[in-house]
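Reviewing the structure listed below.
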Amino acid sequence: MSSLSVAKIQEDFPILKREVNGKRLVYLDSASSSQTPTSVLDAMNNCYQNTYANVHRGVYTIAEETTSAFEGARLAISRFIGASSPSEVVFTRNATEAVNLVAQTWGRTNLKPGDAIVLTQMEHHANIVPWQMLAAELDLELRWIPITPDYQLDLTNLESLLSGAKLLAFSSMSNVLGTINDVPALVAAAHNAGALALVDACQSVPNLPTNVVTDNSDFMVFSAHKMLGPSGVGALWARAELLEAMPPFLGGGEMIRDVTLEGFTTNEIPWKFEAGTPAIVEVIGWGAAVDYLEKIGLAAVREHEAELTAYALDALADRFGKKLTIYGPLDIAHRGSAISFLFEDIHAHDISQVVDEEAVCVRAGHHCAKPLMRVLGVPATTRASFYIYNDTRDIDILVDALVRAEKFFGV
Amino acid sequence: MSGLEDLYREIILDHYRAPRNRGTLSVPPAHQVEGFNPLCGDEVVLYLDISDGAITDITTAGQGCSISQASTSMMSNAVKGKSVEESRKIIRAFKALMSVHESHLQGAENGPTEGPVPDDVRLGDLEALQGVVKFPVRIKCATLAWNTLIQGLDETSGGS
Ligand SMILES: Cc1ncc(COP(=O)(O)O)c(C=O)c1O
């Protein structure tokens, strides 16, 4: 067993005491959004109750306290991802906004009609639609890395796909398949072709040790709410020289150095990209989430999840055999904890409805990856995903609930 | 599992397992119309033969959850052979059965068929779908086929 003390961790998450339909909540949808530990709630509460004021504006005591907590969180988050400086971490509303920021600032200034962007068929809509919007505006070409029958990226034609391209944008871990992509290798391939690399790290930053320096990528996006933090805040990490060269995104307060009736000059990075009052309290909460994860250690998080995932894959195969199809790699070394599956004859929605009766929360649908679902040839899957507060008991309950669903629909 | 048994009545499961009026009709003369639930990917395709102001034949295709597919099957049974006018009455009555929650969730969905709820329509088996209103996110599944039928009737403007 892994070194995590799950029982102790569960104590830190008030929502896990909740019951649904008279049964203990079994939360298996952390790939969508994770639950929040007391330390994060306390950090946010403490800010509102004791220090709250706007950031970067007042000289009075509590304004300075809040500002330093806010910037302290930025520092903690930047260290968590191995960034060389906190000025490389730009706060956004979420990862989606971070991708849009790159598309609208770096993209608009560096891309011209006919330029190509390479994406993969396993992307979340957040890493597709902003590029489609930009492609329509600038007349760009979008190229797609296909996937293999065992749910990996098919890199056979990578070189020709990247040839002449300006950007490779890909996810480090698929939110549907669980597939872990080789970030340093893909980044190196992009750089060899003269392209920059953007990593959608929404699923990997919460679950795998991350280091942007050894990854050597150019942009990375991620969200607080998938890593024990609150909703409403995410970040773009980018190399400082890229951020320096990029024009601002939104205009307003905070992002300026000076404003006259004639025009404005921009603030230093990262504030140049943070127009308006930010999600102050949420950022502070995110900092506490990072502290919590660091105390556990990402290696232990990964080990725990790998164990649970292996246990779940075995349990599903044992119990349901060929009646249940898993969409994703079976090799634990190449996958995270998101397990997408389908029963031969039961729709994903019906599954999740029946298991909800057992207080089991799983996701049903296209998981914001419709192009991938088309490639897989399925309209929807059911997805279970695990995090630090889950244990094998949760998986047993899931399997039992699936047995009930199977009986119910008589397959 | 009383809540569930309310949602998944035996008659619903029966229509799901053995959907009625499955198939296609040649287009033209039949009219083809598709409905899509972008949230969950449920898809309904209807083929309508409309002549002399009546739905002389209807077949269905598509895929989706038990609720959307059972509702499609039951709807096709309910309107097959009925006049367009009678069918619109059944649609109104069915949507009234579902409507409180649907309009609450999505903002009023006033289509051209919106109007006084007929009290002389017997929904029969269709009433089994009433359990869906307790599960607000599934109402869209139940109404998909019906909204698609409305669209088909509107496109053929009452039949020719
Ligand atoms: C792989 C991946 N990319 C992007 C996103 C979008 O994240 P957010 O909704 O926080 O912007 C998600 C979240 O669902 C995701 O899983």
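With a sphere of radius 13 Å drawn around the Cβ of A:Ile284, what net charge do the other residues whose Cβ falls strictly inside it have (Lys, Arg +1; Asp, Glu -1)?
Net charge in that neighbourhood comes out at -4.
With a cap of 14 neighbouring Cβ atoms within 10 Å, and only residues DSSP puts in a loop, list the trypsin sites (Lys or Arg not before Pro) found in the range A:18-120. Mind dumping the intermediate values first?
Details: sites: A:Arg18, A:Lys23, A:Arg24, A:Arg57, A:Arg74, A:Arg79, A:Arg93, A:Arg108; in loops: A:Arg18, A:Arg57, A:Arg93.
In loop regions of the range A:18-120 (DSSP not H, G, I, E or B), the sparsely surrounded trypsin sites (Lys or Arg not before Pro) are A:Arg18, A:Arg57.
More than 26 Å apart: what percent of Cα pairs in the range B:2-157 qualify? Walk me through the numbers before you get to the answer.
Values: 2191 of 12090 pairs.
I get 18 percent for the Cα pairs in the range B:2-157 exceeding 26 Å.
With Cβ to Cβ distances under 11 Å as the rule, what net charge do the other residues near B:Gly41 carry (K, R +1; D, E -1)? If you can, show how the numbers build up before the last one.
Numbers: positive: A:Lys370, A:Arg374; negative: B:Asp42, B:Glu43.
Combined, the nearby Lys, Arg, Asp and Glu give 0.
Going by Cα centres, the range A:44-64 and the range A:333-352 are how many Å apart?
45 Å
Only helical DSSP H runs with n ≥ 4 go in: add -39500 (n - 2.57) per run for chain A, normalise by residue count and round the 222 nm mean residue ellipticity to 500 deg cm²/dmol.
-11000 deg cm²/dmol
Mind listing the long-range amide H neighbours of A:Leu168? Cut-off is under 5 Å, sequence gap 5 or more, other chains count too, H placed in the peptide plane at 1.01 Å from N.
Counting only residues 5 or more places away or on other chains, the set is A:Val118, A:Leu196, A:Ala197, A:Leu198.
Give me the mean projected area, in nm² to one decimal, of the convex hull enclosing the Cα positions of chain A.
21.0 nm²
Between beta-carbons, use under 12 Å as the cut-off and find the net charge around A:Val399, counting Lys and Arg +1, Asp and Glu -1.
My count for the surroundings of A:Val399 gives -4.
Name the longest site-free stretch of chain A, where the excluded sites are GluC sites (Glu not before Pro) in a DSSP loop with no more than 16 other beta-carbon atoms within 10 Å. Walk me through the numbers before you get to the answer.
Numbers: sites that count: A:Glu262, A:Glu268, A:Glu344.
For GluC sites (Glu not before Pro) (loop position, at most 16 other Cβ atoms within 10 Å), the longest site-free span of chain A is A:1-261.
List the aspartates and glutamates whose alpha-carbon lies under 16 Å from that of B:Lys134, not counting same-chain residues fewer than 8 positions away?
A:Asp350, A:Asp356, A:Glu357, B:Glu5, B:Asp6, B:Glu102
So which lysines pass the test for A:Lys112, namely a Cα distance under 22 Å, with those fewer than 8 places away in the same chain ruled out?
List returned: A:Lys166.
Considering only C-alpha atoms, what is the centroid distance from the range A:283-331 to the range B:34-93, in Å?
Cα centroid of the range A:283-331 versus Cα centroid of the range B:34-93: 43 Å apart.
Need one number: nm distance between label points at B:Arg22 and B:Ala96, each 7 Å from Cα along Cα→Cβ, rounded to one decimal.
It works out to 3.4 nm between the two label points.
Straight-line reach from A:Lys323: which lysines have Cα under 25 Å away, leaving out those fewer than 8 places along the same chain?
In chain and number order, the partners are A:Lys370, A:Lys407.
Taking the dipole about the Cα centre of the protein assembly as shown, with the C-beta of Lys and Arg at +1 and of Asp and Glu at -1, give me whichever of A:Leu376, B:Val121, A:Trp131 is farthest to the positive side.
Positive-end residue among those listed: B:Val121.
Where a number appears in this text, it was derived from the coordinates with a stated rule and is not lab data. For clarity, every value in this text was computed on a predicted model and none was experimentally measured. Counting neighbours? That spans all protein chains shown, and the Cβs are built from the backbone with ideal geometry, glycine included.
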